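Reviewing the structure listed below.
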């Protein structure tokens, strides 16, 4: 069995690939549903109803899409430059911390000024956090996979310390949480009686902006060149280290903005369960999207559908909501296979 | 003398999609002869050999070795029938000894020591019989390239090969090593072996082969006794049209453009990779650097590419004085860099032709505005260049990875030469290219020389150096020799210098 590169990949094939991959993943996961003794069709119908079956369900799914778009973009930008940022989770919390610092009464500006400031501060905090492992990588060749991953735990422990210690809100009846963001710092709700907030628009705009950056600008060209072949990029005179550092600031900044979004759009105050691993899920989202900024929107939506749907399905059936993680994980594998098959054909013998 | 046919390929055809890689190929190989298989890259030799060794299954046709038809698709069958292959890129394990490499894959599960003893005896007998001396206990990584090739040949003989297929065997050898390889081949022939010699170097084919077969577009277009044909006829058959050899016309060299003054570059463990190298390059001349690969050419090329700073000594450029090499500096001062490693360093395979052609100038005002690339200008620029430099490609949005080696090199030439550089570094510019593309590269370098550029040509192809250069310097263990006059030096003398011997060769003015 051998792989032969295809000369030509048609648009239909490029679109059908990921769709078939997702269907294949669901087919594989139906085995697990069967195993837990439920009907496959019922389970999947409930899953989609739970995610998209009502106005409220859709709004919830889009709310979750919002944060996943931002963490997905963070991973996609960094991975394009072959900067393996696994620290999205830590950068997300760092962004939330910065917004908490400034947004709980320190600045009492009008919303039009305060909200952008909080986003900016969050982005800066996330970016600076990623800057540390990045400088270690560019100047001392320290592997960033290890450092960014471990930084996540350090930041989580820092947040732990903050919400149990100095930032603990005395009005919170002993719960470990920071003081709430003041009203001027909160994002407006987009749909009445739902939790869908204006962060969704911020996420969409970010995806579009990153697409423009990668596709049409000098910076994007440099990021892609460094990612595709760092030696050749250096040879051609591209400032490789500067490009990687710039990428780190953008990537960390996006993850930081994800944290701000969750904080001022949804939760209102900093706790330890602000993010159930959105930073890590962002990596899956980016990979599912083939690192394409606009594709991130679709893959973030897909992952949000699966997670929200599985939550509601598991309430009705005896299928655990861990099925969501399995579906996304299996989809990641099938999408990778489909990407391979759109580029190569299999020859037997 | 009647010919005993030891191997015959009968009407072999193989399709890859719409491409007909082999078209009803008929070839015969007789005992005691060398058959040269000539052809440009992609003419079908590789496919044919893969069919012979069972890696591909032919659509039609059969292979007969010693009167037995080989079963298709069985890699072991050819080896067991007595066919051995010596690859261009050696398939040896560096950290094993010669003996271990040779028996690798033949050792039984039990009784390894005993097997080793028997193997050593057999190896001794073989080396004596064929005059192939190699120390069986030496580690392969300590061997010279010529010795490694001997190990490859011994490996085939150890497996009782009676037919030897050699893929571009001289590509990595110095002239003396080529002579010694030819002597070895003659020994093999005397003992009744038969050799298929795959090459595109005409001089060597004329020297060693008894018969030649020329492949073009998957077909045998010419088959002849070597004595009955000529270099010109073979070249024409390979390419399908006449190749005008670019000629160097005498011209006066101008002012000094670039000079290296006592430049030393240290490697690991304080090894001198470049050792007090002196070099001057003048306007309107081509200076050649001859040498066996690994003697400091890479460092010299890196120096001019801006990837390597001199640890000692000075690099001076006309109009800039002493400079510290950096890629962006070299680009700014108009140094055109054609590097050896096209896909690893010269180009970015996953990016498009447009993007690659812009990689050294995307920050120019012409190509970008307020941080945005002007894609329309870039595309027009790319279209113009692929037309001027005759790059064959599906379009400017095509990925560079998908181009052939020759077209990749044309792309690099287009990017470099369109900026009219005053100094040009060309490191192995025709390596792996076919006759047509090689002639094109040569004519472009000569054209640059004519308009007054200085060219530093680092090459392992001595014919190329003698044909193009105004002066030649030999590099050996990081040291550059005096300038030699290519008109007054022979291949043999160059070969001796390349292996570290001093000669009394006449110096260039």
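Okay, here's what the table says:
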item	result
Distance from the range B:7-69 to the range A:300-340 (C-alpha centre basis), Å	52 Å
Fraction of antiparallel bridges per DSSP, chain B only, in percent to nearest 5	55 percent
Average other protein chain Cβ within 10 Å of Cβ, residues A:217-226	5
Dimensionless Rg ratio for the range A:66-299, taking C-alpha atoms and the 2.2 N^0.38 Å reference	1.00
Chain B: projected area of the alpha-carbon convex hull, averaged over directions, in nm²	27.2 nm²
Hull shadow area, averaged, the range B:256-498 [alpha-carbon convex hull, nm²]	13.4 nm²
Inter-chain Cβ neighbour average for residues B:339-348, partner chain, 10 Å	4
Base-10 log of normalised Debye intensity for the range B:305-352 (one unit scatterer per alpha-carbon) at q = 0.18, 0.21, 0.25 Å⁻¹	-0.64, -0.80, -0.98
Fraction of beta bridges assigned by DSSP in the range B:358-509 that are antiparallel (%, nearest 5)	55 percent
Per-residue Cβ neighbour rank within 10 angstrom, fewest leading, B:442, A:8, B:87	A:8, B:87, B:442
Label-point separation, residue B:268 to residue B:118 (7 Å along Cα→Cβ), nm	4.0 nm
For the protein assembly as shown, share of DSSP beta bridges that run antiparallel, in % to the nearest 5	55 percent
Amide N proximity, the range B:159-176 versus residue B:183 label position 7 Å along Cα-to-Cβ, cut-off under 14 Å	B:175-176
Packing rank of A:13-22, B:431-440, where each peptide gets the mean count of other beta carbons within 10 Å, highest leading	B:431-440, A:13-22
Residue exposure sequence - A:281, A:217 - by fewest surrounding Cβ within 10 Å	A:217, A:281
Inter-probe distance in nm under a simple model that places probes 7 Å from Cα toward Cβ, at residue B:384 and residue B:314	3.9 nm
Max mean-square fluctuation residue, GNM over chain A, Cα-Cα springs under 10 Å, options A:219, A:211, A:84	A:219
With Cα atoms, 0 to 90° folded angle of helix B:435-450 axis to chain B main axis	20 degrees
Efficiency of FRET from Cβ geometry, residue A:168 and residue B:402, R₀ 56 Å, rounded to 0.05	0.40
Estimated D of the protein assembly as shown in µm² per second, where Rh is the Kirkwood radius over Cα pairs and Stokes-Einstein applies at 10 °C, 1.306 mPa s	50 µm²/s
FRET efficiency, residue A:311 to residue A:333 (Cβ-Cβ, R0 25 Å, nearest 0.05)	0.65
Net lengthening on full extension, residue B:206/residue B:171 (0.36 nm per residue, minus Cα-Cα)	11.0 nm
222 nm mean residue ellipticity, helices alone, for chain A (DSSP H n ≥ 4; -39,500 (n - 2.57); rounded to 500)	-24000 deg cm²/dmol
Sequence of B:4, A:117, B:113, A:100 once ranked by neighbouring C-beta atoms within 10 Å, starting from the fewest	B:113, B:4, A:117, A:100
Rounded tilt (10° steps) of B:112-130 against the dominant C-alpha axis of chain B	80 degrees
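FYI, it's all coordinate maths here, none of it is from the lab. These figures come from a predicted structure and were not determined experimentally. Cβ atoms come from the backbone with ideal geometry, glycine included; neighbour counts cover every protein chain shown.
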